[in-house]
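Beneath this line is the structure, given in structure tokens, with notes to follow.
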Amino acid sequence: MDEDLIARINDLLDNASSPRYLKIQEAPEYVNVDPQTFRRWRKAGLVKVIAIGGVKRVDRRDLDKLMDAHKY
């Protein structure tokens, strides 16, 4: 199978099982890091936060991209 097709299928399956936008408190658990580490990532500009009406969320796709970018 084409890798792009597999990635698209995996994205669809992920979207069906969990919300795209995570609460700030949920995001560190999603990427399996300590909340303090996550705060440092935010301060360093590694994580973008969406704020609407005082409610802060993080796009799960951005977290996936961040983790993928630091694979070795």
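Every number here is computed from the coordinates shown, using simple stated rules; none is lab data. As the structure is a computational prediction, the values presented were derived from the model and not from experiment. Positions of Cβ are backbone-derived with ideal geometry, glycine not excepted, and every protein chain shown enters the neighbour counts.
Taken about its Cα centre, the chain carries a charge dipole of about 600 debye when Lys and Arg each add +1 at the Cβ and Asp and Glu each add -1 at the Cβ. Label-to-label distance for VAL49 and ARG8 is 3.5 nm, based on points extended 7 Å past Cα in the beta-carbon direction.
Extension gain, GLN25 to HIS70: 0.36 nm times the residue separation minus the Cα-Cα distance gives 14.0 nm.
A viscosity of 1.567 mPa s and a temperature of 4 °C, combined with the Kirkwood radius over Cα pairs in Stokes-Einstein, give a translational diffusion coefficient for the range 19-69 of 119 µm²/s. Per residue, the chain reaches -15000 deg cm²/dmol at 222 nm when only DSSP H runs of four or more residues are counted, each adding -39500 (n - 2.57).
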